[in-house]
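Accompanying notes for the structure given below.
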Amino acid sequence: GSTCEAEAGSGGARPVPEVAAASRVPHGGGPAPAAGGALARVSGAGRREPMGKHCASLGVLRGPWDQVFAAFWQRYPNPYSKHVLTEDIVHREVTADQKLLSRRLLTKTNRMPRWAERFFPANVAHSVYILEDSIVDPQNRTMTTYTWNINHARLMVVEERCVYCVNPENSSWTEVKREAWVSSSLFGVSRAIQEFGLARFKSNVTKSTKGFEYVLAKLQGEAPSKTLVETAKEATEKAKETALAATEKAKDLASKAATKKKQYV
Amino acid sequence: MNSVGEACTELKREYDQCFNRWFAEKFLKGENAGDPCVQLFKRYQLCVQKAIKEKDIPIEGLEFMGPSKGKAENSS
């Protein structure tokens with residue numbers, strides 16, 4: 001798999017094998033993970049294609065766990081966070097077993113390349129809302145976080161899970177295991193377009209062949225056989241049915257591609 | 001750092017200050033005598049939850065830590 005960091009080896013991060021990916025189920029239901037491999041969908045030909053993108057990495061923060069966990073709440077603002085506009089705690093509780101559960105709401109600028117701004121003009125004006133859920137466990141000296149965007153979701157969803165723990169090689173350092181998934185329901189829309197396109201093409205092939213046979217028979221001086229006239233009518237009917245079925249299937253695929261929950265732009 | 005509700009930024013700062021002190025000095029050390037920041041948190045939440053509703057930010061009904069995954073899970 002690929003490392004999540006932008007530059008190879010930055011912060012001592014290294015990629016983590018794809019094994020971890022098998023445990024994930026995407027939002028809104030979807031195909032169950034294929035045994036022993038990355039999340040996949042099976043096409044009619046039995047080909048496996050990964051849905052969405054995945055990265056994983058192992059990194060280190062050069063500080064002891066308690067300092068790192070404290071710094072986690074004081075992360076913003078910093079010189080690298082100009083794109084983060086607001087930060088709020090919207091839920092917090094201490095559980096019976098002394099763990100701290102928190103939910104942090106962030107708003108970030110929505111920076112897209114120019115081509116994406118042209119394709120998705122409605123998204124340009126809206127900031128991105130992101131929730132970060134976290135569990136701090138001081139007894140086990142671990143922290144787990146889950147972060148994802150709650151708007152622009154029809155366009156793209158990015159999810160990240162992190163686990164922070166004491167570095168096994170150096171107890172004054174903190175290890176960060178990071179995994180992320182990037183997915184888009186537009187993937188499903190393009191599948192629907194392909195399915196519809198193929199169904200319409202097949203029905204056109206039928207019409208094309210029958211039409212050809214019809215004209216050929218006439219050229220041969222024969223009255224087109226009664227059967228051919230009959231099958232011409234049948235072909236028109238069949239073509240109508242095929243087109244209707246293809247439209248229904250495409251609608252079905254497109255609505256499956258949109259998630260069940262209400263989505264915001 | 002600003003709050004999403006412009007009027008809430010000051011309340012947020014007061015709460016954050018209280019929380020950060022309690023977190024490092026008490027919570028991480030396993031001392032859980034009680035949360036000294038309850039009042040500040042309540043005031044801050046009243047403000048920010050109102051701002052969230054006004055801006056139609058869809059934070060309701062979302063499962064904590066995301067959908068459950070079944071057996072294979074790498075966290076503690």
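Yes or no: A:Ala125 modelled with pLDDT under 95, open to solvent by less than 40 Å² (accessible area, probe 1.4 Å) and under 28 Å from A:Ala6 (Cα atoms)?
Answer is no for this residue.
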Q: Working only within the range A:117-174, note down all residues that are of a type in the set (Asp, Glu) and outside any strand (DSSP E or B).
A: A:Glu117, A:Glu169
(Q) Take B:Ala33 and tell me if it is more than 10 Å from chain A (Cβ to nearest Cβ) and either small (Gly, Ala, Ser) or part of a helix (DSSP H, G or I) (or both). (A) yes
Q) Residue check: is B:Ala24 among the hydrophobic types (A, V, I, L, M, F, W, C), open to solvent by less than 20 Å² (accessible area, probe 1.4 Å) and modelled with pLDDT of 95 or more? A) no
Q: With the condition kept exactly as written, say whether any residue in the range B:69-76 is modelled with pLDDT of 95 or more and open to solvent by 40 Å² or more (accessible area, probe 1.4 Å).
A: no
**Q.** Matching residues, the range A:168-187, being surrounded by fewer than 19 Cβ atoms within 10 Å (Cβ to Cβ) and of a type in the set (S, T, N, Q)
**A.** A:Asn170, A:Ser171, A:Ser172, A:Ser184
Q. List pairs: first in the range A:198-210 and within 13 Å of A:Thr247 (Cβ to Cβ), second open to solvent by less than 90 Å² (accessible area, probe 1.4 Å) and β-branched (Val, Ile, Thr), Cβ under 7 Å, 6+ apart or cross-chain?
A. A:Ala199/A:Thr242; A:Ser203/A:Thr242
Q: Would you check which residues across the range A:55-76 are within 15 Å of A:Ser134 (Cβ to Cβ) and in contact with a Lys or Arg (Cβ under 7 Å, 6 or more places away or on another chain) and list them?
A: A:Trp65
Q) Does the range A:9-18 contain at least one residue that is closer than 21 Å to A:Glu160 by Cβ, modelled with pLDDT under 95 and of a type in the set (A, V, I, L, M)? A) yes
Q.
Every residue in the range A:75-96 that is at the interface with chain B (Cβ under 9 Å from one of its Cβ atoms), farther than 22 Å from A:Leu61 by Cα and either open to solvent by 30 Å² or more (accessible area, probe 1.4 Å) or hydrophobic (A, V, I, L, M, F, W, C) (or both), please.
A. A:Leu85, A:Ile89, A:Val90, A:His91, A:Arg92, A:Val94
**Q.** Hits in the range B:3-18 - residues which are buried (at least 20 other Cβ atoms within 10 Å of the Cβ) and either facing chain A (nearest Cβ under 7 Å) or in contact with a Ser or Thr (Cβ under 7 Å, 6 or more places away or on another chain) (or both)
**A.** B:Ser3, B:Val4, B:Lys12
Q) In the range A:128-142, what residues are open to solvent by less than 40 Å² (accessible area, probe 1.4 Å) and in contact with a Leu (Cβ under 7 Å, 6 or more places away or on another chain)? A) A:Ile130, A:Leu131, A:Glu132, A:Val136, A:Pro138
Q. Which of the residues belonging to the range A:97-112 are aliphatic (A, V, I, L, M), within 10 Å of chain B (Cβ to nearest Cβ) and open to solvent by 10 Å² or more (accessible area, probe 1.4 Å)?
A. A:Leu101
Q: Check B:Asn2 against each of (1) in a helix (DSSP H, G or I); (2) within 16 Å of the chain's Cα centre (by Cα) and name the one condition it does not meet.
A: (1)
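The values are calculated or read from the model by the stated rules, or taken from the named source; none is laboratory data. Just so it is clear, the model here is predicted, and its values are computed rather than measured. Positions of Cβ are backbone-derived with ideal geometry, glycine not excepted, and every protein chain shown enters the neighbour counts. Keep in mind that these areas ignore ligands, DNA and RNA; they rest on the heavy atoms of the full protein, side chains included. Shrake-Rupley method; radii C 1.70, N 1.55, O 1.52, S 1.80 Å.
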